[in-house]
Amino acid sequence: METIPNIAQTPPPPYYAVIFTSLRTEGDNGYDAMAQRMLELASRQQGFLGVESAREELGITVSYWESLEAIRSWKQHSEHQEAQKLGHEVWYTEFKVRIARIERDYGI
């Protein structure tokens, strides 16, 4: 997935973040197309607030959600489940998912 150059414009807290950290296998193997499709689908899900992503050797994608229910619904989406399966089998040598409640945010 290409680096998304914008900082997500999220509402006032509280809201939730899903932090996906990964190490990729060699080659694309359909990864970029699927990553674009997942971004398109996620952005249409109820409760989706935004996403930030960067990849060099280590990839980090943070998606923001209104609620734990919205996160659960996205995790259970059929196309997302297929992407998760391919991630396990083809695209990642290692990954970690963390879910956090955002209590405060600030910036310039």
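One table, with the values for the structure above:
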{"quantity": "Whichever residue in the range 45-69 is without any contact (Cβ under 8 Å) to a residue 40 or more places away in the chain and either assigned to a helix (DSSP H, G or I) or among the aromatic types (Phe, Trp, Tyr) (or both) and, among such residues, is least open to solvent (accessible area, probe 1.4 Å)", "calculated": "PHE48"}
{"quantity": "Residue that is least open to solvent (accessible area, probe 1.4 Å) [pool: residues in the range 15-44 that are out of contact with any Asp or Glu (no Cβ under 9 Å at 6 or more places or on another chain) and of a type in the set (Phe, Trp, Tyr)]", "calculated": "TYR31"}
{"quantity": "Output for the range 86-108, where each listed residue is of a type outside the set (A, V, I, L, M), more than 14 Å from THR10 (Cα to Cα) and open to solvent by less than 100 Å² (accessible area, probe 1.4 Å)", "calculated": "GLY87, TRP91, TYR92, THR93, PHE95"}
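The values are calculated or read from the model by the stated rules, or taken from the named source; none is laboratory data. Keep in mind it's a predicted model, so treat the numbers as computed, not measured. Because the Cβ atoms are built from the backbone with ideal geometry, glycine has one as well, and the counts that use them run over all protein chains shown. For accessibility, only protein heavy atoms count, side chains too; no ligands or nucleic acids. Shrake-Rupley method; radii C 1.70, N 1.55, O 1.52, S 1.80 Å.
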